[in-house]
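Just so it is clear, none of the values below were taken in a lab; they were calculated from the coordinates. For clarity, every value in this text was computed on a predicted model and none was experimentally measured. Neighbour counts are summed over all protein chains in view; Cβ atoms, including those assigned to glycine, are modelled from backbone coordinates with ideal geometry.
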Amino acid sequence: MNLAEIPHHTNVFPLSLTEDPDGLLVAAALSGDASAFVELSRRHSRKLLLKIYRMTNNWQDAEDIVQEALMKAFTHLYTFESRASFSTWLTRIAINLTLMLLRKKRRSRTLCDDTFVLVESIDDVFEPRDHRENPEQTCARRQVEDKLERAMQRMRPKYREVIELREGADLQMSEIAESLSISVAAVKSRLLRARKELRRHVQLLSPT
């Protein structure tokens, strides 16, 4: 479904009734005015696309995610709570979709420097390598990747998320704070705890 194809209706709330254009448009969209949501999409899609591109490094993936996020927002607008801005809410939807994509695409990227000391031979596996690696090297690398992935899955969601945003999506602390609606100090604290938890899970997966 293309947003441009959403039928237009007469706006219920004139812009002059509120100082918050997004709030007005959300209210209008909830009342049945799909054109109000088209306007919301126009306002925020470009900035959102650039943010998601930074996470995926792929324009096609970023465009697909933004389109899917807009459609999810449109169909679930009734769940939106005005305690957060519409922009933050929409960004959160898009980031969740991006993280799901990145999990599927995760290959041999190191999640954090601390991980280097956790698994036997991990330095050899994650160093810039000759693409002509032999079968034994390929097997060792895949074993480490699998161990890291299983350790990530054992983490509490809020810690796995901040690791993925920082190390997997390469977002700045301020961007993570905005995405999670928390302070930069809280992001730093959560990231520190997340790395400790990741270390613990990898150690539990390692043979004694």
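Couple of notes before you dig in:
- Per DSSP, loop GluC sites (Glu not before Pro) in the range 17-107 with at most 13 further Cβ within 10 Å: Glu19, Glu81
- Counting neighbouring beta carbons within 10 Å and listing from fewest to most, the residues Thr79, Thr56, Thr138 come out as Thr79, Thr138, Thr56.
- In terms of other Cβ atoms within 10 Å, Met152, Met71, Met55, Met100 run from fewest to most in the order Met100, Met71, Met152, Met55.
- Fully extending the segment from Glu68 to Arg156 would add 29.1 nm, taking 0.36 nm per residue of separation and subtracting the current Cα-Cα distance.
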